[in-house]
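For reference, the structure is listed below as structure tokens.
Just so it is clear, none of the values below were taken in a lab; they were calculated from the coordinates. Treat the numbers as computed from the prediction; the structure is a model and nothing was measured. Glycine gets a Cβ as well: all are built from the backbone with ideal geometry, and neighbour counts include every protein chain shown.
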Amino acid sequence: MLRPAPGIVLLAWRNLASERLRFAATLTGVAFAVVLMGAQLGLLLAFARAASTLIDHADADLWVTQAGTRSVDIAAALDLGRRHLALAVPGVVAADPYMVQFAFWRRPDGGTESVIITGFDPASGRGGPWNLIAGELGQLLHPDSVIVDRLFLDKLGVDGLGAVAEINNRRARIVGITSGIRTFTQSPYVFTTHAQAQNYTLFSPEQTTYLLIKLAPEAEREAVRQALAARLAPARVWTREEFARQSQRYWLLTTGAGSALLLATLLGMVVGVVIVGQTLFAITVDRLKEYATWRALGASRGELMRVILTQALIAAGGGYLLGALAVLALAWIQREATAAIAVSPAMMGLLFLLTLAMCFAGALIALGRLIRLDVCEVFR
Amino acid sequence: MSLALREVSLVYGSGETAVRALDGVSLAFHPGELTLLVGPSGSGKSSLLMVAGCLLRPSAGEVEVLGERVQRWEQEALARLRRRAFGFVFQHYHLFPALSAWENVAMALWLKGLRGEKLYREALALLEQVGLGDRARHRPDELSGGQKQRVAVARALAGNAPILLADEPTAALDGATGHGIAELLARLAHQGRVVLVVTHDPRMLDVADRILRLEDGRLKESG
Ligand SMILES: Nc1ncnc2c1ncn2[C@@H]1O[C@H](COP(=O)(O)OP(=O)(O)OP(=O)(O)O)[C@@H](O)[C@H]1O
Ligand SMILES: [Mg+2]
């Protein structure tokens with residue numbers, strides 16, 4: 001058992017720990033709220049990551065898109081001739097074509113799914129698939145070859161390398177399998193070469209949807225971005241970060257997923273506030289005469305409040321520890337699911353801040369009671 | 001003069017429901033004396049203790065503690081004053097049930113600024129002074145009523161408070177136990193403290209140096 005030195009922490013700890021059942025219930029309650037909040041934030045993070053995953057994994061400093069583009073998944077045609085204009089701008093060392101376009105996937109069993117064709121330039125590999133676990137990237141150079149993710153094999157109705165399906169009525173043979181490439185839309189990304197993507201989507205050889213710009217190491221990014229924007233207008237030039245944020249915002253806002261998840265997070269928080277609040281209030285009211293005696297002996301109002309706040313902190317710390325472990329376990333268990341919760345240090349940090357805020361909010365009622373404490377209560 | 005009241009009045013509430021609990025009380029207390037405050041129920045004994053102990057501000061009159069007139073001080077300043085000047089003992093002990101005897105005393109010492117090894121030794125010394133050196137690690141629910149009251153007295157002595165105020169300290173205790181607490185309080189007074197005890201308890205009369213009688217908020221000194 002913990003043996004803190006006399007002081008606020010000792011009093012706070014003993015007050016909590018002496019009521020084992022209540023303490024255990026409180027920790028469980030806080031942990032439960034942490035899991036609720038963590039699961040929602042984890043989904044939010046996973047959705048945000050999925051919404052920008054193509055951008056985050058393409059080795060491009062700048063993205064050239066058609067004017068009005070609002071998400072990487074929904075692209076409009078761009079004239080490939082602009083590639084030469086872009087290459088002529090000082091500081092640009094590569095301007096690779098990149099296609100992203102919805103298409104229909106006909107399963108071998110006859111069913112249909114929507115997919116997102118992702119065509120990259122095999123010469124540079126920029127925008128190509130990552131986390132390849134089977135097959136070879138080089139195989140894409142054979143006609144009708146595609147690479148898909150393991151998470152979506154079932155959905156696509158195929159069982160692995162060599163399986164054959166159709167995209168927009170053209171043959172597609174699986175020559176590679178990746179792991180963990182999720183999509184926000186749940187339409188799987190199907191990677192192929194840029195030329196093959198033009199074929200599948202009936203784009204002309206003179207068309208693409210994006211140009212992926214790579215800069216010389218010494219180039220000043222913002223200056224080049226402006227020069228490109230002037231040269232390529234009305235096409236738009238984004239930094240990769242801008243375009244990633246834009247794609248995330250687009251999907252989280254237009255689908256309402258963002259606000260739904262934030263609302264659910266808030267509900268988890270409310271649960272926690274209520275649980276912590278009722279415990280702290282109960283154990284404070286039980287001890288009013290002792291607090292009043294302490295006040296009579298000269299404790300300041302601040303010292304009394306610190307006892308309650310320390311109790312809130314203990315509940316937050318203990319509950320977070322349990323809850324965070326559960327969130328990590330959940331993330332691990334779901335790692336093979338198409339819509340898994342994701343975790344990151346920043347997200348776990350935010351979760352801790354929310355837990356603290358939750359417990360301190362719960363402490364307010366108990367604090368209010370202590371502030372109104374009348375020392376004379378000890379005489380009655 | 002460590003503690004004195006001059007023309008102190010205390011009125012609870014206002015208008016129709018106002019109650020005059022103290023009415024022009026003047027008093028001085030002498031170190032080394034055990035003073036008893038007696039009187040019928042509702043005569044204002046607890047009220048007087050609260051005003052003398054700087055827990056309540058009087059409606060009129062002066063309260064002087066350790067040479068300072070404090071009747072108008074604000075709450076937190078009074079708390080700091082109580083910290084160095086007063087110890088309190090109540091009928092129902094009011095020990096933190098989750099803390100051991102030692103820790104209950106230690107918390108009061110902590111409040112008065114002691115830390116570390118010094119605090120530890122002082123808490124044990126105080127418990128020994130009230131005859132409970134061997135019960136330091138016990139929690140209140142493992143102690144008898146008399147033992148609990150001894151812990152409360154030890155806590156009141158923390159920081160060597162020069163003034164000890166007690167409200168009915170023996171009322172909840174049986175014969176011999178109550179007598180033991182009475183003698184303890186007398187001994188502490190004779191060591192040079194101001195000790196003021198509100199009581200109905202005839203066992204306390206034997207050990208008193210001075211007895212004050214309160215009736216309807218007015219003082220009638222006797223003995
Ligand atoms: N908070 C209060 N509000 C209004 N009136 C009060 C309050 N506290 C005490 N009184 C009144 O003040 C008077 C003195 O009360 P006090 O508690 O000082 O008496 P007491 O001598 O200690 O009585 P007892 O022996 O029963 O403890 C009583 O008439 C009581 O009803
Ligand atoms: Mg009384």
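If you scan segment B:179-209, which residues turn out to be touching a strand residue (DSSP E or B) at 6+ places or on another chain (Cβ under 8 Å), part of a loop (DSSP other than H, G, I, E, B) and of a type outside the set (Val, Ile, Thr)?
Residues of segment B:179-209 touching a strand residue (DSSP E or B) at 6+ places or on another chain (Cβ under 8 Å): B:185-186, B:188-190, B:193-200, B:204-205, B:207-209.
Next cut, part of a loop (DSSP other than H, G, I, E, B) only: B:193, B:199-200, B:207-209.
Listed by number, the residues that qualify are B:193, B:200, B:208, B:209.
Going by the conditions given, is residue A:298 more than 14 Å from chain B (Cβ to nearest Cβ) and either in contact with a helix residue (DSSP H, G or I) (Cβ under 8 Å, 6 or more places away or on another chain) or on the phi > 0 side of the Ramachandran plot (or both)?
no
Tell me, which helices (runs of 4 or more DSSP H) lie completely within segment A:168-287 with 2 or more residues that are within 25 Å of the chain's Cα centre (by Cα) and surrounded by 15 or more Cβ atoms within 10 Å (Cβ to Cβ)?
Here the list reads A:240-254, A:257-285.
Does any residue in segment B:38-52 that is away from every other protein chain (no Cβ under 13 Å) come within less than 8 Å, Cβ to Cβ, of a residue that is near ligand 1 (Cβ under 6 Å from one of its atoms) and assigned to a helix (DSSP H, G or I) six or more places away or on a different chain, and which pairs are these?
B:38/B:45; B:39/B:45
Count, please, the residues in segment B:63-102 that happen to be of a type in the set (Asp, Glu) and either assigned to a loop (DSSP other than H, G, I, E, B) or buried (at least 22 other Cβ atoms within 10 Å of the Cβ) (or both).
Within segment B:63-102, residues that are of a type in the set (Asp, Glu) and either assigned to a loop (DSSP other than H, G, I, E, B) or buried (at least 22 other Cβ atoms within 10 Å of the Cβ) (or both) number 1.
For (1) more than 29 Å from the chain's Cα centre (by Cα); (2) assigned to a helix (DSSP H, G or I); (3) crowded, with 20+ Cβ neighbours inside 10 Å, each residue gets a yes or a no:
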position	(1), (2), (3)
A:99	no, no, yes
A:102	no, no, no
A:116	no, no, yes
A:130	no, no, no
A:133	no, no, no
A:140	yes, yes, yes
A:143	yes, no, no
A:153	no, yes, no
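As an exercise: evaluate residue B:67 against (1) more than 18 Å from the chain's Cα centre (by Cα); (2) more than 7 Å from chain A (Cβ to nearest Cβ); (3) within 12 Å of residue A:294 (Cα to Cα) and give the number of the one condition it does not meet.
(3)
Name the residues in segment A:290-304 that are in contact (Cβ under 8 Å) with a residue 40 or more places away in the chain and buried (at least 17 other Cβ atoms within 10 Å of the Cβ), would you?
Hits for segment A:290-304 are A:291, A:292, A:293, A:295, A:296, A:303, A:304.
With B:42, B:32 as the choices, which residue is away from ligand 1 (no atom under 12 Å from the Cβ), in a loop (DSSP other than H, G, I, E, B) and either within 20 Å of the chain's Cα centre (by Cα) or farther than 15 Å from residue B:218 by Cα (or both)?
On inspection, the qualifying residue turns out to be B:32.
Before we move on, is residue A:370 within 14 Å of chain B (Cβ to nearest Cβ), in a helix (DSSP H, G or I), away from ligand 2 (no atom under 16 Å from the Cβ) and surrounded by 16 or more Cβ atoms within 10 Å (Cβ to Cβ)?
Working: within 14 Å of chain B (Cβ to nearest Cβ): yes; in a helix (DSSP H, G or I): yes; away from ligand 2 (no atom under 16 Å from the Cβ): yes; surrounded by 16 or more Cβ atoms within 10 Å (Cβ to Cβ): yes.
Yes: the conditions hold for residue A:370.
Would you confirm whether or not segment B:47-69 contains a residue that is within 16 Å of ligand 2 (Cβ to nearest atom) and not aliphatic (A, V, I, L, M)?
Yes, segment B:47-69 contains a residue that is within 16 Å of ligand 2 (Cβ to nearest atom) and not aliphatic (A, V, I, L, M).
Scan (1) within 16 Å of ligand 2 (Cβ to nearest atom); (2) under 26 Å from residue B:192 (Cα atoms); (3) not charged (D, E, K, R) for the single condition residue B:27 breaks and write down its number.
Failing condition for residue B:27: (1).
Look at residue B:134 and say whether it is more than 16 Å from ligand 2 (Cβ to nearest atom) and farther than 24 Å from residue A:294 by Cβ.
The answer is yes for residue B:134.
Restricting to segment B:160-181, and then to whatever is crowded, with 20+ Cβ neighbours inside 10 Å and free of Cβ contacts under 8 Å to residues at least 60 places away in the same chain, can you tell me which residue is nearest to ligand 1 (Cβ to nearest atom)?
B:170
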